[in-house]
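**Q** One structure is given below, represented as structure tokens, and several questions about it will come after.
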Amino acid sequence: MSDIAVTALSITPIKAMRLRPVDVIELDEYGARGDRCFYVVDERGRMVNGKQFPQLQTITADHDPAAGELTLSFPDGRTAQGRVEYGEPVTTRFYRRNDEATELRGPWSSELSAFIGHPLRIVAARTGVDRGRRGGASIVSRASVGRLAQAAARESVDARRFRMLIEIEGVAAHAEDRWVGRRVRVGESLLTMHGHVGRCLITTRDPDTAETDLPTLDVLRSYRGGETSTEPLPFGIYGEVLEGGVVRLGDPVSLDGG
């Protein structure tokens with residue numbers, strides 16, 4: 001198993017915005033520190049993402065926790081920058097559950113609302129991952145991305161459209177499916193994998209432009225529609241951080257905590 005290694009790490013400070021590649025992450029019980037530490041809600045307090053507002057994917061967010069600064073970079077060249085100040089606690093609707101968050105004070109919500117054309121607010125999350133602590137980390141193999149590209153008759157497919165935290169190489173396509181229920185050592189961190197990531201329409205959009213350019217769900221259905229999985233149309237897996245630690249590009253990956 002020593003030939004399996006980390007080949008990419010991707011995060012975004014604000015859920016649903018453009019993923020940024022990084023060389024190193026630090027995992028704790030909530031996932032990668034600084035990843036999805038904020039999210040966007042509408043005027044009713046409901047979390048929104050690329051399903052409702054695809055343009056969110058075209059915005060780049062940069063957060064410097066040490067300096068306390070947050071910057072949004074919009075595709076038209078405008079930016080919204082400032083020091084993060086926290087307002088009142090708010091109760092939001094995060095998918096099907098209520099979530100306690102804290103509203104941000106600063107220029108970001110008004111600039112974001114103007115760009116999207118809808119009243120939106122940015123809030124600070126307890127954990128921005130969709131499945132709570134049980135889904136603090138996600139993994140997909142480079143071979144799986146290549147297999148999907150083959151099925152789609154594409155030379156390549158940008159793995160960022162699947163919005164996974166960790167990409168690995170050294171295993172066959174979709175071999176990670178069989179890791180559900182097992183422990184995985186990634187760099188210094190130990191994970192236990194709980195399930196398969198079922199896919200939605202967000203994956204059909206280009207990760208930079210948000211334009212619909214690939215029938216990802218049809219492609220997955222064509223060769224994985226009959227797979228036994230925890231969620232339909234599986235692509236990649238998710239799990240819980242049992243032991244936190246640093247993960248770097250090139251770090252080894254091994255099964256059962258080895």
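Derivation of every value follows stated rules applied to the coordinates shown; laboratory data play no part. Since the structure is predicted, the reported quantities are computational estimates derived from the model, not experimental observations. Heads up, the Cβs are rebuilt from the backbone with ideal geometry, glycines too, and the neighbour counts pull from every protein chain shown.
**Q** Quick check for you: which residues of region 77-100 have the amide N under 19 Å from the point 7 Å beyond the Cα of Arg44 toward its beta carbon?
**A** Within reach of a label on Arg44: 90-100.
**Q** Please identify every one of the GluC sites (Glu not before Pro) in region 123-191 that sits in a loop by DSSP and has no more than 10 other beta carbons within 10 Å of its own beta carbon.
**A** Taking region 123-191 and a limit of 10 other Cβ atoms within 10 Å, the loop GluC sites (Glu not before Pro) found are Glu155.
**Q** For region 188-258, what's the radius of gyration and Dmax over Cα atoms, in angstrom?
**A** Here Rg and the maximum Cα pair distance are 15.5, 42 Å.
**Q** Have a look at Pro107, Pro207, Leu217 and report the one farthest towards the positive end of the charge dipole of region 80-222, computed about the Cα centre with Cβ charges (Lys/Arg +1, Asp/Glu -1).
**A** Leu217
**Q** Separate question: Which chymotrypsin sites (Phe, Trp or Tyr not before Pro) from region 84-122 combine a DSSP loop assignment with at most 16 other Cβ atoms within 10 Å?
**A** Tyr95
**Q** Can you tell me how region 130-258 classifies by the Cα gyration tensor, rounded, prolate or oblate, using a/c under 1.5 as the rounded cut?
**A** Note, shape of region 130-258 comes out prolate.
**Q** Still on this structure, I have one more. With labels modelled as points extended 7 Å from the Cα through the Cβ direction, what inter-label distance (nm, one decimal) is found for Asn98 paired with Tyr86?
**A** 2.0
**Q** Report the extension gain between Leu249 and Asp23 in nm, rounded to one decimal, defined as 0.36 nm multiplied by the number of residues separating them, less their alpha carbon distance.
**A** 80.8 nm
**Q** Specify which labelled value, from [x] 0.96; [y] 0.99; [z] 1.07, agrees with Rg/Rh (Cα atoms, Kirkwood Rh) derived from the coordinates of the model shown.
**A** Evaluating Rg/Rh (Cα atoms, Kirkwood Rh) on these atoms matches [x].
**Q** Still on this structure, please answer the following. Viscosity 1.306 mPa s, temperature 10 °C: Stokes-Einstein D of region 1-149 from its Kirkwood Cα radius, in µm² per second?
**A** The estimated diffusion coefficient comes to 98 µm²/s.
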